[in-house]
Amino acid sequence: MRPFSIARFFSSRFKAFPSKSHVTELLLNISKQPNSIDLYHGIPNLPIPSFFQSILSEKLSVPLSHQYVRSYGNLNLVTKIAQIYSPFFKRTIDPLNEVLMVPGSSSAIFAAIQGLINPNDYAIIFEPNERIYRETVMFHQGKCVEISLIPEAQEWAINYIALEETLRKNSEVKLLIISSPQSPIGKVFSQKEIDMLQYILKKHPQVNILFDASFEKIVFDPEIKTVGIQNEEFWKRCVTVFSADKAFCSTGLNLAWVIGHPDVLNRVKYVHNISTFCMYNPMQMALDEALTLAEEKYQSEPSYYTYINKIMKKNMEKITEAMNKNEIFKTCKQDILSKGGYSMFFDISKAKFANIADRDKMISMGMGVDKKVVMGPGSFYIGENNKVLKGKFLKIDLCRSEEEVQDVCGRLGRKENIL
C-alpha cells in the first residue's frame, strides 16, 4: 500500500466544484410549489421510529452529555456496533480500532475517499449511481472510471470483462467503490457477485475497496440479505459504511459508522479527526439503545426493519401499477424492480413520448408541471459517455407515506397534458 500523503490536504488547486444544471434547478423549484409531491430528492416523509424519539428525548437531559466525547465514537455505542456487525463480516470486530462513528454516510464517503486516494489516482465506480462518488473523487483531484451495470435477465449485472480490462490497462486504479443496495436502482449484490469481484481484485493488490452499505437494512424481501466483503485477504483493503439515517428513514440524523481493518480505517479516522472531531453524544447514546429496539417487535411486525421494508415494497408495487396504467407509460415493461434502498429506476424506453434527446428530463419536468409529481431523470445518475442507458429511465422515490403514494397514483391516472 502506498504511503499516505499528508501534503495533499493542503493543496487547494484544481478542486472540482461542479455547477448544477438548469434542469436540476427547475425540478427543485417545481418540487417546492404548493401541492407538489417530491419523488426525486430522496427525502422520506415517514415518521421517525417512536422508540428513537423517546430515547433521544431522555438522553438530552443526561448531565454532561453535551460535552466532547471520544472522537471515534461513544464507547458503549461502538461496542454495540462491533457486536451486531461481527456476524456480517464473519469475524470479531474490535470496537476500539475497527469502528468509527461519523456524521452521516456522505461524511463517511468523503473521509474514506480523501483517505484512500491521492491526486491523479483512479477510482472505479459502477453506474447508475449517486453522483456523490464521482464528485467526491474529482474534488480530491482523483479520476473516475465508470463501468455500467448491464440491465439484463431481471438484474443489473456487473460487466466483469470491462472491469478486468480496466484494471489490466490502468495500474493507477487505487480504489473500487461499490454500494449495496445501490442507490438509485435498488440493486442488491449477491454473494456470487461479491465473490467474483474478490476473485478479480485479488490480482490487483493496490486497489482498496469502499463498500457503501448505507441502505443495508432497507431490503424489501426477507430472503435477500446485503452481503459485504468477508474474505480474510480483503479485510485490510476495505472500509464499509453503514447508516442509521437510512435505516430509520431519518436523513437529518447524520448518524453513520465505518468498519474496517486499522490499516485502512486509520486513514479515514485521520480525515474525520481533523474535520469533524466528534459526534454529538446524546445522539450516540440514543442510537446505542435504538439499535437493539429496532430488532424487536414494532407495529405488529417482527421488527422495525420488517415494518419499514413492507411499506417500501408496497409503495413500489402501487406506483409501478399506476405508471403502467398511465397512457404514456402503459407500454413500458418493467423487467427489473428495485430490491432495496429508497428508490427505483422506471424504464421509459418504450414510453409514448417524442423520441428526442434528454427525453427523461422532458418527461420529468412535464410530470412535475402537469401532475405536480416530481420524478428524477435517470440520466442524472449515468455518466456522459453512457449512450446505452441515457434517457431511458426515471428515478422514483419509494420512501413516502401510504397516503401520499395513494395521491400519486390518483394523479397518474388523470388525463395527460405533458406533451
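The values are calculated or read from the model by the stated rules, or taken from the named source; none is laboratory data. Keep in mind that what you see is a predicted model, and the values were worked out from it rather than measured. Note that we place each Cβ from the backbone using ideal geometry, even for glycine, and neighbour counts take in every protein chain shown.
Conditions (1) assigned by TED's automatic domain parsing to the domain that holds ILE229; (2) among the aromatic types (Phe, Trp, Tyr); (3) outside any helix (DSSP H, G or I), marked per residue:
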site: PHE52; (1), (2), (3): no, yes, no
site: GLY73; (1), (2), (3): yes, no, yes
site: ALA82; (1), (2), (3): yes, no, no
site: THR92; (1), (2), (3): yes, no, yes
site: SER107; (1), (2), (3): yes, no, no
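Scanning the range 31-52 for residues being surrounded by 14 or more Cβ atoms within 10 Å (Cβ to Cβ) and not hydrophobic (A, V, I, L, M, F, W, C) gives a total of 7.
Selection of the range 1-40 for residues being modelled with pLDDT under 55, out of contact with any helix residue (DSSP H, G or I) (no Cβ under 9 Å at 6 or more places or on another chain) and of a type in the set (Lys, Arg) yields ARG2, ARG13.
For the range 287-309, the set of residues classified as in contact with an Asp or Glu (Cβ under 8 Å, 6 or more places away or on another chain) and free of Cβ contacts under 8 Å to residues at least 60 places away in the same chain consists of SER303, TYR307, listed by residue number. Residue-level analysis places ILE328 among those that are under 22 Å from ILE37 (Cβ atoms), assigned to a loop (DSSP other than H, G, I, E, B) and of a type in the set (Val, Ile, Thr). Within the range 186-203, the set of residues being in a helix (DSSP H, G or I) and either over 18 Å from GLN154 (Cβ atoms) or touching a residue at least 60 places away in the same chain (Cβ under 8 Å) (or both) comprises ILE194, ASP195, MET196, LEU197, GLN198, TYR199, ILE200, LEU201. Taking each residue of the range 313-324 that is in the same structural domain as VAL408 (by TED's automatic domain parsing) and touching a residue at least 24 places away in the same chain (Cβ under 8 Å) and looking for partners that are among the charged types (D, E, K, R) and surrounded by fewer than 18 Cβ atoms within 10 Å (Cβ to Cβ) with beta-carbon atoms closer than 8 Å, six or more apart or interchain, yields LYS313/ASP221; LYS314/GLU402; ASN315/GLU402. Scan (1) within 21 Å of SER379 (Cα to Cα); (2) without any contact (Cβ under 8 Å) to a residue 24 or more places away in the chain; (3) among the acidic types (Asp, Glu) for the single condition GLU165 breaks and write down its number. Of everything listed in (1) within 21 Å of SER379 (Cα to Cα); (2) without any contact (Cβ under 8 Å) to a residue 24 or more places away in the chain; (3) among the acidic types (Asp, Glu), GLU165 misses just condition (1). Checked across the range 58-81, the condition of being of a type in the set (D, E, K, R), farther than 17 Å from ALA290 by Cα and either in contact with a Phe, Trp or Tyr (Cβ under 8 Å, 6 or more places away or on another chain) or surrounded by fewer than 19 Cβ atoms within 10 Å (Cβ to Cβ) (or both) holds for at least one residue.
Within this structure, ALA286 fails the test of being crowded, with 21+ Cβ neighbours inside 10 Å, out of contact with any helix residue (DSSP H, G or I) (no Cβ under 8 Å at 6 or more places or on another chain) and closer than 30 Å to GLU58 by Cα.
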